[in-house]
There are 2 protein chains.
Amino acid sequence: FKQKVIGRQLREEWARYNDFPKPSRAGDFKEGQLVTVHGFLARKRIKSSKLAFADIQIDNGPAVQITSSFQEPESPAHKTNQALRGIPLYSPVSVTGTVARLHSNNPQPTETSPTTRSRPGNFPTGVFRIDIDLTSIQPLNLFPKDIIVSKGVQFPPSSRHLQIRFSDPLRTRLLVRPQIAFQLRKSLNDLAFTEVETPILFKSTPEGAREFLVPTRRPGLAYALPQSPQQYKQMLMASGIRGYYQFARCFRDEDLRADRQPEFTQLDLEMSFATGEDVMQTVESLVADLATVLNSDFRVVDQDGEIHLAPKSLNSAHSEESGTASRYVMPPFPRLSYETVMTRFGIDKPDLRIPFELNRVDHLLPESFISMITHLDKPIVEVFRFRPSPVSGESPLPTSTAFIDDLMKTLPPALSQNPDGAPVALIVNSSKPLRGLSPLGFDGASALESGAADPESPTLEDGDVLVFQARPNKPFQGASSTALGTLRTLLYQAAVSKGLLPRDLTFQFLWVTNFPLFTPTNETDTDTDPGQGGHAGFSSTHHPFTAPLTDADVELLATDPLRARADHYDLVVNGVELGGGSRRIHVAKMQEYVMREILQMTDAGVGQFAHLLEALRAGCPPHAGFALGFDRLVAVLTYTESVRDVIAFPKSMKGEDLTVRSPGGVTEEQLGVYHLGFLGGKSKE
Amino acid sequence: FKQKVIGRQLREEWARYNDFPKPSRAGDFKEGQLVTVHGFLARKRIKSSKLAFADIQIDNGPAVQITSSFQEPESPAHKTNQALRGIPLYSPVSVTGTVARLHSNNPQPTETSPTTRSRPGNFPTGVFRIDIDLTSIQPLNLFPKDIIVSKGVQFPPSSRHLQIRFSDPLRTRLLVRPQIAFQLRKSLNDLAFTEVETPILFKSTPEGAREFLVPTRRPGLAYALPQSPQQYKQMLMASGIRGYYQFARCFRDEDLRADRQPEFTQLDLEMSFATGEDVMQTVESLVADLATVLNSDFRVVDQDGEIHLAPKSLNSAHSEESGTASRYVMPPFPRLSYETVMTRFGIDKPDLRIPFELNRVDHLLPESFISMITHLDKPIVEVFRFRPSPVSGESPLPTSTAFIDDLMKTLPPALSQNPDGAPVALIVNSSKPLRGLSPLGFDGASALESGAADPESPTLEDGDVLVFQARPNKPFQGASSTALGTLRTLLYQAAVSKGLLPRDLTFQFLWVTNFPLFTPTNETDTDTDPGQGGHAGFSSTHHPFTAPLTDADVELLATDPLRARADHYDLVVNGVELGGGSRRIHVAKMQEYVMREILQMTDAGVGQFAHLLEALRAGCPPHAGFALGFDRLVAVLTYTESVRDVIAFPKSMKGEDLTVRSPGGVTEEQLGVYHLGFLGGKSKE
């Protein structure tokens, strides 16, 4: 070891930033008292050569404003004032001074626990702002000049730490997330559920999605990361646990579409001696408890157009919402079958805030119109009616026309180039023949004028838009949406963002039930989950443990499996699928029958589930469960469309963590430990 | 698809076990009322041809006893009686009958929340046993005849589900575990900490232990599973989060010694604007809150010699402990330096329940004795004095003698074949010359008779055992124990298990502080962590982010790094290290200096930490943190030595989950997706 001497500059810098006074405790904050507070220098306002103000920003704490003034040059107060001026904005600081004023929205402070009260760095309950006359200020590190912070700045993903520091909506969502988790845990504990942690180092089983492998140092053996704790939780039911839950990290090595993450958190639960209906009622009670707390303790914040949720206890100087009506539609939630939602909304995760539904009208339309909109023979034709919110004194017609023109021009190719025909929109307009509905002929126009497009509100008005779409006349076969269902959602979102419909901040939950048990295997779709690897030509819609819905569906297993329905249920809110669950097959023989005889899995495939079959055989009680996408839940409840906004360090669409730059390059030496090598011999990095 | 008909037997079995009545709600349980209860048939007692009793076992619920009797043959009661007799023990059942008696330890039932009260399957608060006159019973599956259940049966690891079902201590520990976690979360929330989930798909960094790799489908790139969320949590400090915590799953691909798991859970926390002392005080407040709850709501159960902890609310018919003295020694906990604990106890995780310490005596001993016990030149010789608990009317001598003879014969090789000399025990015996201490010579014997072996209790008594051990006279250099320290612990545990010392159920916490910052790299120890890969001949004792303790230690970095002490602290209870933490280096230049100049890491090595250096540079505040081994904490608090007893599905010493049989074999095809192949071309499986 070469003897060296540590540089003086480095040593001095360390000493300068290393020692700092302890912060005051909650009980110390009284007007006139000397206190110490730690935080970030957030804003300076230099009023004159002798007077300056600044804000100290404290995470999860009150706003602090400091005042520094002096009379005598070279006085301690002058030096403090100079120090304040010299410290770069956003630097961490320790400030000491006299409390000038406490701003509290809680005239009778509630009693906090002794532990909380006496911990240094805590603040009195209800105090949302503290004014301090500055005595001294010490920087604890320096914020560098080359990082530019401005209002609403977007930092590159590599600087996630800066984004969290300087974006209020992001930081607040990260703060609200654990509060939602804590409330869910509280409710589950009250219901005598037990939280059980299950392994993340699992093994590969032919269940559904593609798994990540984790090689071991034992040649030829690997763990796999779990898609869900499904098999472990079923074994816990066989272990006699009455109610299990877990905030479980899950993994899918899939091509990331839309807003998916390779690792995600689900609130996973399972109940023994329970049916699907029991689980739905339990989940409803969790949502009800959560909604009650969110409605009473959190408020909706509109920050420069970005809407989010914040605890009422923080920054209460912000404008309060008026009224106390619940934003949450409370249970019991509607239970609609897959068949019903596909028919009424054209999507298996409908947004019940959308004020218009699909209606089938092909029996009312002339052949001429149908052949104009599709090449299909004897198609189903559906319509929905969109009506923009009235603006007093203005005709809605020009607005509707411009809106629809724009929308139709920017349709995604799947809709505009749909081989079953593109959508067709007609706008009701009294100044035109048949009020603009002449393509429908007299009978068609009359039928639509008298309620065929919307039986709830039968009459048409000028500016109403009727959107028609054809589709083949055949069963839905497990599809997740129709073209018109997709367009309906698109149109609603566009209308809200353009102000043609009010922004609806309520949460409208529903259950979608009675899904098909199996879905045909689409061999051309290489992007799909590998499924169960069976040879039946179809695979389980959800997973092979799902129970058939009724005795009739048990019969259909063997005779017409694609018609068999599952005791599966999805929880949906505002067009977002929050999670799904099912009753499970708890009889070992039935489980093996489904795997072998129905799904046509190989012996080796079935063998991978030996542990589960053995657990079911050991007197396993009936059971059912649910998995709630927790990232998604938090995103929806805090009014963002992306789970990336509720995850501290999310992955990109390519599965990269751009902050720490993972995944990273591996060497042949590292792989060698696992008896593995690069195909072709070399890394391409 | 081949058309088949589902077998009649399977169909009927499914129908028989599939439909069952809803269980009653808490409010339904009143004497004389008809109720339905679900559970496992746990015990049958056939009293006569017309009378039978049985227990229904309900996880996390009251004991239920059912009575089935009949008068008339062929009556419904007769058929129910026959059904009960026919159902195999341990089968899941639904029973319906009239409440005969409610046994409650809560004469004034507390109000439960409406949600809890009204959920089917809940029971009234305080009711620990319910007697029911049986009306009907339905099996919901059958427990197979070939699984033999007997008292205290140990099932093979492949049948973990049976072990959880039939071992009360195991099931109770799994139940207590989340209650401990919940209490910790509650305390942390009260202290304004924010729970943040950090990625499990991380990357390989040269930090310490060997990591598991997770290959990606992008050639040459892999994730690594984190040893701890260390770097993410430090980035959160730079993000302005004041207090972070997480129950984090962590991973180490190491050879599993003793009682370690390749995946484990730690309660990870970090505080900004904080010193190590602030963190220790915060952790103490968490432990204090937890101890208060454990002491008031949980009781110690001795079940056939296996001691565990159970909630008082369950099975309250069990004998209560007498007295209410706390089992937990409350904070502030002693803070002892590494140097002190190594000197006094010969181990860096001392068990403060052990009633004897080490004392250095080589200056009191004759050369003849020293050369008898060691070949070392000028060694340090230490002694401890063990005194068995007195048994009235018996001489302790024969007991001590037999105990020490037995212990010395069964010493592990590291102690009995220690190249520095084996331990030597002398037993005080008034019937021998110099009371059995003649090898020490007159002066040596006198010195030990007057307190050299134990200044706290100077006089020696017959049956006292003095154990001597030599060691080289040199600094501890980061060692975790000395030979005599190890022997002291072994002897204490043996004495307790043989009844020579009382079993001590208290928890005695302490902090061990002032660890050396660096530890010499032992190049011959291939089993060790890879460390930081630097070329300095030593590596960070804990990790390269640990701050030096004082300004003097900063100076030592460059001049005599192995003497530099760290601001690191370990929390120890009863000889078990629960966790450790440190103040971190928060100044980017100092962090880079330690990595480059002191540890002599390569550019590439330092480059792996670019994200962390960048975060520190962005005005990161001072911060310090802690990681608590949560599995270990639960094991200690529930009186078991193995973390396997508090993990639902633990891994074996070989890293195998013997229940699901993971890791599993991988195919060349699976590896090919990741552009990888087996070295040598083939799997050995």
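The values are calculated or read from the model by the stated rules, or taken from the named source; none is laboratory data. On a predicted model such as this, the values are computed, not experimentally measured, just so you know. With ideal geometry, Cβ positions are generated from the backbone for all residues, glycine too; neighbour counts draw on all protein chains shown.
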| query | Within segment B:675-682, can one find any residue that is more than 9 Å from every other protein chain (Cβ to nearest Cβ) and not in a strand (DSSP E or B)? | reply | yes
| request: Would you be able to say whether some residue in segment A:581-595 is touching a Lys or Arg at 6+ places or on another chain (Cβ under 9 Å) and of a type in the set (Asp, Glu)? | output: no
| request: Sort out which residues of segment B:121-138 are in contact with a helix residue (DSSP H, G or I) (Cβ under 9 Å, 6 or more places away or on another chain), at pLDDT below 95 and of a type in the set (Gly, Ala, Ser), and write them in order of number. | output: B:GLY121
| Say we look at segment A:366-387 and pick out the residues that are in a loop (DSSP other than H, G, I, E, B) and in contact with a strand residue (DSSP E or B) (Cβ under 8 Å, 6 or more places away or on another chain); which of these is surrounded by the most Cβ atoms within 10 Å (Cβ to Cβ)? | A:THR374
| field | Listing of strands (runs of 3 or more DSSP E) fully contained in segment A:512-622 that carry 2 or more residues being crowded, with 21+ Cβ neighbours inside 10 Å, in contact (Cβ under 8 Å) with a residue 40 or more places away in the chain and within 33 Å of the chain's Cα centre (by Cα) | value | A:538-540, A:568-573, A:576-583
| task | For segment A:326-345, indicate whether the set of residues that are outside any helix (DSSP H, G or I), modelled with pLDDT of 95 or more and among the aliphatic types (A, V, I, L, M) is non-empty. | result | yes
| task | Determine if segment B:367-377 includes at least one residue that is under 24 Å from B:PHE515 (Cα atoms), at pLDDT 95 or above, out of contact with any Cys (no Cβ under 8 Å at 6 or more places or on another chain) and outside the structural domain of B:LEU517 (by TED's automatic domain parsing). | result | no
| task | Check whether at least one residue in segment B:652-660 is crowded, with 19+ Cβ neighbours inside 10 Å, more than 12 Å from chain A (Cβ to nearest Cβ) and either among the hydroxyl-bearing types (Ser, Thr, Tyr) or over 8 Å from the mean Cα position of the chain (by Cα) (or both), and report yes or no. | result | no
| task | Determine, yes or no, whether B:PHE507 is at pLDDT 95 or above and not assigned by TED's automatic domain parsing to the domain that holds B:THR410. | result | yes
| Residues (within 21 Å of A:GLN532 (Cβ to Cβ) and among the small types (Gly, Ala, Ser)) located in segment A:608-634 | A:ALA610, A:ALA615, A:ALA624, A:GLY625, A:ALA627
| task | Working only within segment A:591-645, note down all residues that are within 14 Å of chain B (Cβ to nearest Cβ) and either in contact with a His (Cβ under 7 Å, 6 or more places away or on another chain) or on the phi > 0 side of the Ramachandran plot (or both). | result | A:GLN600, A:ALA615, A:LEU616, A:ALA618, A:GLY619, A:CYS620, A:PRO621, A:PRO622, A:HIS623
| request: Can you tell me which residue within segment A:450-506, out of those that are of a type in the set (Val, Ile, Thr) and under 33 Å from the mean Cα position of the chain (by Cα), is nearest to A:PHE384 (Cα to Cα)? | output: A:VAL467
| remark: Of the residues in segment A:133-148 that are more than 10 Å from chain B (Cβ to nearest Cβ) and either surrounded by 13 or more Cβ atoms within 10 Å (Cβ to Cβ) or among the basic types (Lys, Arg) (or both), the one that is nearest to A:TYR17 (Cα to Cα) is A:GLN138
| remark: By residue number, the members of segment A:285-297 that are over 18 Å from the mean Cα position of the chain (by Cα) and either surrounded by 22 or more Cβ atoms within 10 Å (Cβ to Cβ) or within 11 Å of another protein chain (Cβ to nearest Cβ) (or both) are A:SER285, A:ALA288, A:ASP289, A:THR292
| If B:GLU668 satisfies every condition in (1) under 20 Å from B:SER159 (Cβ atoms); (2) more than 9 Å from every other protein chain (Cβ to nearest Cβ) but one, which is the exception? | (1)
| So which residues in segment B:243-270 are in contact with a Gly (Cβ under 7 Å, 6 or more places away or on another chain) and farther than 25 Å from A:VAL666 by Cβ, if there are any at all? | B:GLN266, B:LEU269, B:GLU270
| task | Output the number of the condition that B:ALA274 fails; it satisfies all remaining conditions of (1) at pLDDT 95 or above; (2) at the interface with chain A (Cβ under 7 Å from one of its Cβ atoms); (3) part of a loop (DSSP other than H, G, I, E, B). | result | (2)
| task | Can you tell me which residue among A:SER159, A:SER167 is touching a residue at least 40 places away in the same chain (Cβ under 8 Å) and either on the phi < 0 side of the Ramachandran plot or facing chain B (nearest Cβ under 10 Å) (or both)? | result | A:SER159
| What strands (runs of 3 or more DSSP E), lying completely within segment B:193-259, carry at least 2 residues that are within 26 Å of A:ARG252 (Cβ to Cβ), of a type in the set (Phe, Trp, Tyr) and touching a strand residue (DSSP E or B) at 6+ places or on another chain (Cβ under 7 Å)? | B:243-251
| Taking A:SER69 and the conditions (1) touching a Lys or Arg at 6+ places or on another chain (Cβ under 7 Å); (2) within 13 Å of chain B (Cβ to nearest Cβ); (3) of a type in the set (Ser, Thr, Tyr), which numbered condition does it fall short on, given that it satisfies the others? | (2)
| task | Mind listing whichever residues of segment B:175-192 are facing chain A (nearest Cβ under 7 Å) and either in a strand (DSSP E or B) or crowded, with 24+ Cβ neighbours inside 10 Å (or both)? | result | none
| In segment B:123-166, what residues are touching a strand residue (DSSP E or B) at 6+ places or on another chain (Cβ under 6 Å) and either assigned to a loop (DSSP other than H, G, I, E, B) or outside the structural domain of B:ILE56 (by TED's automatic domain parsing) (or both)? | B:GLY126, B:LEU140, B:ASN141
| Quick one: what pairs do we get from segment A:419-432, first residue acidic (Asp, Glu), second part of a loop (DSSP other than H, G, I, E, B), C-beta under 6 Å, 6+ apart or different chains? | A:ASP420/A:THR374; A:ASP420/A:LEU376
| request: Collect the residues in segment B:400-423 that are over 33 Å from the mean Cα position of the chain (by Cα) and either under 14 Å from B:ASP464 (Cα atoms) or in a helix (DSSP H, G or I) (or both), keeping them in residue-number order. | output: B:THR401
| Filter result for the condition that a residue is at pLDDT below 95 and either more than 23 Å from B:LEU188 (Cβ to Cβ) or more than 8 Å from chain B (Cβ to nearest Cβ) (or both), over A:PRO199, A:PRO229, A:PRO219 | A:PRO219
| remark: Filtering segment B:217-262 for residues that are surrounded by fewer than 24 Cβ atoms within 10 Å (Cβ to Cβ) and over 28 Å from A:GLU195 (Cβ atoms) leaves a count of 7
| message | Scan segment B:2-21 and tell me whether some residue there is in a strand (DSSP E or B) and more than 8 Å from chain A (Cβ to nearest Cβ). | response | no
